[in-house]
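Some notes on the structure that comes next.
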C-alpha cells in the first residue's frame, strides 16, 4: 500500500526543520511526499527541494512538478507543487 504525505511550506518554520520532517516521514515508511508552497513561499519550496536533493542524492526522486493557482480568501494565489518519491 502506497503511503503518502503532504507538506505545505510555512514561513514560520525554519527550512532545516521542514527538511527534517520530510526525511523523517520517509524513514517512517511514507513512500510519496507532496511539497507545496503558496505565493511568497514558492522560493522556500524550491530551497527545501534543493536541500533534500543535496542531502539524499538519488534517495529522493522528483516525479512531477505542478504550477498553478487556487482561490484563497477570494484571491487567486499561485502555488508550486513537487511530488517526490523515496528512492531508497
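The values are calculated or read from the model by the stated rules, or taken from the named source; none is laboratory data. Fair warning: this is a prediction, and the values are worked out from it, not measured in the lab. Here the Cβ positions follow ideal geometry from the backbone for every residue, glycine too, while neighbour counts run over all protein chains shown.
Restricting to the stretch 38-47, count the residues that are part of a helix (DSSP H, G or I), over 13 Å from residue 83 (Cα atoms) and touching a residue at least 24 places away in the same chain (Cβ under 8 Å).
Looking only at the stretch 38-47, we keep the residues that are part of a helix (DSSP H, G or I), and these are 39-47.
Narrowing the set further to residues that are over 13 Å from residue 83 (Cα atoms) leaves 39-44, 47.
Next, from what is left, pick out any that are touching a residue at least 24 places away in the same chain (Cβ under 8 Å): 39-42, 44, 47.
Final tally of qualifying residues: 6.
Give 35, 20 a once-over and let me know the one that is closer than 19 Å to residue 59 by Cβ and part of a helix (DSSP H, G or I).
After ruling out the rest, the residue left standing is 20.
Quick check: anything in the stretch 38-49 at pLDDT below 95 and out of contact with any strand residue (DSSP E or B) (no Cβ under 9 Å at 6 or more places or on another chain)?
Yes, there is a match, as at least one residue in the stretch 38-49 is at pLDDT below 95 and out of contact with any strand residue (DSSP E or B) (no Cβ under 9 Å at 6 or more places or on another chain).
Please give the number of the condition residue 78 fails out of (1) loosely packed, with under 15 Cβ neighbours inside 10 Å; (2) in contact with a helix residue (DSSP H, G or I) (Cβ under 9 Å, 6 or more places away or on another chain); (3) at pLDDT below 95.
(3)
Could you check, for the stretch 50-72, whether at least one of its residues is in contact with a strand residue (DSSP E or B) (Cβ under 9 Å, 6 or more places away or on another chain), without any contact (Cβ under 8 Å) to a residue 12 or more places away in the chain, outside any loop (DSSP other than H, G, I, E, B) and surrounded by 15 or more Cβ atoms within 10 Å (Cβ to Cβ)?
Yes, the stretch 50-72 contains a residue that is in contact with a strand residue (DSSP E or B) (Cβ under 9 Å, 6 or more places away or on another chain), without any contact (Cβ under 8 Å) to a residue 12 or more places away in the chain, outside any loop (DSSP other than H, G, I, E, B) and surrounded by 15 or more Cβ atoms within 10 Å (Cβ to Cβ).
When the residues of the stretch 73-82 are narrowed to those that are without any contact (Cβ under 8 Å) to a residue 24 or more places away in the chain and part of a strand (DSSP E or B), which ends up nearest to residue 19 (Cα to Cα)?
First, the residues of the stretch 73-82 that are without any contact (Cβ under 8 Å) to a residue 24 or more places away in the chain: 73-76.
Among the residues that remain, those that are also part of a strand (DSSP E or B) are: 75-76.
Details: 75: 29, 76: 27 Å.
Top of the filtered list is 76.
Which of the residues that make up the stretch 1-17 are touching a strand residue (DSSP E or B) at 6+ places or on another chain (Cβ under 7 Å) and not in a strand (DSSP E or B)?
The answer is 2, 9.
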